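The values are calculated or read from the model by the stated rules, or taken from the named source; none is laboratory data. Please read these numbers as outputs of a predicted model, since none were measured by experiment. Glycine gets a Cβ as well: all are built from the backbone with ideal geometry, and neighbour counts include every protein chain shown.
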Amino acid sequence: MSKILTQEEIDALLKNVSTGESLDLTTETKQRPIHLYDFKHPDRISKDHLRALRTIHDAFARTFGTYLSGTLRTLVDINLLSIDQAAYSEYMLSLAVPSCLYIVSSHQLKGSFIVELSPQFSLLVVDRLLGGMGARQESLRELTLIEQTILRRVVDSGLSALTDAWRSVASMSLYVESYESNPQFVQIAPASESAVVISCEIVVRDFTYPLNLCFPYFVLEPLMSNLSTGWSNLSIKQASQAERFELANRVRLTKIPVRAQLGSASLSMREYHALTVGDVLVLDQRTDDPVKVWVNNKVKFWAKPGETEHKRAIRVTRVISEQEEIVHE
């Protein structure tokens, strides 16, 4: 016969149900990793393409930095900071007024892209090209037409360096389509279009200036297939027979200084001033010791002195060893 619950037991059960003490409704669920994905601004460039873009613009930064060092007659370094993907509108909102924006086009590309220079760096370049000291400009202002004309030569040289850096991927001739100081007047892509922003810094006398390139995605899209194949073909490219012959010919015609040192001696200034014709100097080596042969200020051979056809000459006896070369350096 089933047990009949008392009133106290019934009240205890109702109390436990109301407080939830006797019910264990928790279940263990595995936490899956969550990855954020922006459907409005998706990443349209793979990591392999980003690595190829970094390699290309690293070469551009080195070439353009070398040109600026020679043109400005001071040490200039250009460092590639980052390559990011963002909406075109976001990049334009990040620009200040006034800016120094060059809209660059090419007959081989669908559209245009932006080269952004720092107004302070632009004024420094103009000052140096006009013979000034290149002092840092603290105040920002728009470039005059004369300053734009002077700076245009430097920008054209930068585009030439960029063309050389892209040559292994695609052949294109870049030219400046227009110049703008106000970002609001630059509309080369829809606001929601994805863009690749390549950020660099120009270092001059411990001061840094930004240098940015903004490529809308539809400009780079036709080149995406070449970003991977172009580098693999470049790495296994063999030099032609004509190139090897030209290189060997240049090396063969190169002239380098070669001299033999019979010995050395140390004199005081008093002894030097007392030297007269007929005096004998005692060198630091014997007549039968081998002499050092210097090639471009480095000891490379041991030789024996002598004469040939009534001219002083040396006969190379052996090549200097690595250990001896380290000692003489």
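Looking at segment 143-152, is at least one residue within 29 Å of Thr55 (Cβ to Cβ), at pLDDT 90 or above, surrounded by 15 or more Cβ atoms within 10 Å (Cβ to Cβ) and not basic (Lys, Arg)?
Within segment 143-152, one or more residues are within 29 Å of Thr55 (Cβ to Cβ), at pLDDT 90 or above, surrounded by 15 or more Cβ atoms within 10 Å (Cβ to Cβ) and not basic (Lys, Arg).
How many residues, within segment 163-185, are over 21 Å from the mean Cα position of the chain (by Cα) and surrounded by 14 or more Cβ atoms within 10 Å (Cβ to Cβ)?
Summing the residues that are over 21 Å from the mean Cα position of the chain (by Cα) and surrounded by 14 or more Cβ atoms within 10 Å (Cβ to Cβ) in segment 163-185 gives 5.
Please find, within segment 109-128, the residue that is farthest from Ser178 (Cα to Cα) out of those that are without any contact (Cβ under 8 Å) to a residue 40 or more places away in the chain and in contact with a helix residue (DSSP H, G or I) (Cβ under 6 Å, 6 or more places away or on another chain).
Top of the filtered list is Val126.
Can you name the number of the only condition in (1) surrounded by 19 or more Cβ atoms within 10 Å (Cβ to Cβ); (2) of a type in the set (Ser, Thr, Tyr); (3) within 19 Å of Thr63 (Cβ to Cβ) that Ser160 fails?
Evaluating Ser160 over (1) surrounded by 19 or more Cβ atoms within 10 Å (Cβ to Cβ); (2) of a type in the set (Ser, Thr, Tyr); (3) within 19 Å of Thr63 (Cβ to Cβ) leaves (1) as the failure.
If you go through segment 251-278 one residue at a time, how many are of a type outside the set (Lys, Arg), closer than 30 Å to Val319 by Cα and without any contact (Cβ under 8 Å) to a residue 24 or more places away in the chain?
Number of matching residues: 6.
With the requirement that a residue be in contact with a strand residue (DSSP E or B) (Cβ under 7 Å, 6 or more places away or on another chain) and closer than 18 Å to Thr144 by Cα, what does segment 103-123 give you?
Going through segment 103-123, the residues in contact with a strand residue (DSSP E or B) (Cβ under 7 Å, 6 or more places away or on another chain) turn out to be 103-106, 111-122.
Once the filter is applied, which keeps residues that are in contact with a strand residue (DSSP E or B) (Cβ under 7 Å, 6 or more places away or on another chain) and closer than 18 Å to Thr144 by Cα, segment 103-123 yields Ile103, Glu116, Leu117, Ser118, Pro119, Gln120, Phe121, Ser122.
Can we say Ser106 is crowded, with 16+ Cβ neighbours inside 10 Å, under 20 Å from Phe218 (Cβ atoms), in the same structural domain as Glu201 (by TED's automatic domain parsing) and out of contact with any helix residue (DSSP H, G or I) (no Cβ under 7 Å at 6 or more places or on another chain)?
Criteria met by Ser106.
Restricting attention to segment 186-214, which residues are over 18 Å from the mean Cα position of the chain (by Cα), in contact (Cβ under 8 Å) with a residue 60 or more places away in the chain and either closer than 15 Å to Ser112 by Cα or surrounded by 19 or more Cβ atoms within 10 Å (Cβ to Cβ) (or both)?
Val186, Ile188, Ala189, Pro190, Ala191, Glu193, Ser194, Ala195
Select, from Leu68, Leu95, the only residue that is touching a strand residue (DSSP E or B) at 6+ places or on another chain (Cβ under 8 Å) and crowded, with 21+ Cβ neighbours inside 10 Å.
Working: Leu95 fails: crowded, with 21+ Cβ neighbours inside 10 Å.
Only one candidate qualifies: Leu68.
Identify all residues within segment 95-118 that are of a type in the set (Gly, Ala, Ser) and in contact with a Leu (Cβ under 9 Å, 6 or more places away or on another chain); write none if there are none.
Ala96, Ser99, Ser105, Ser106, Ser118
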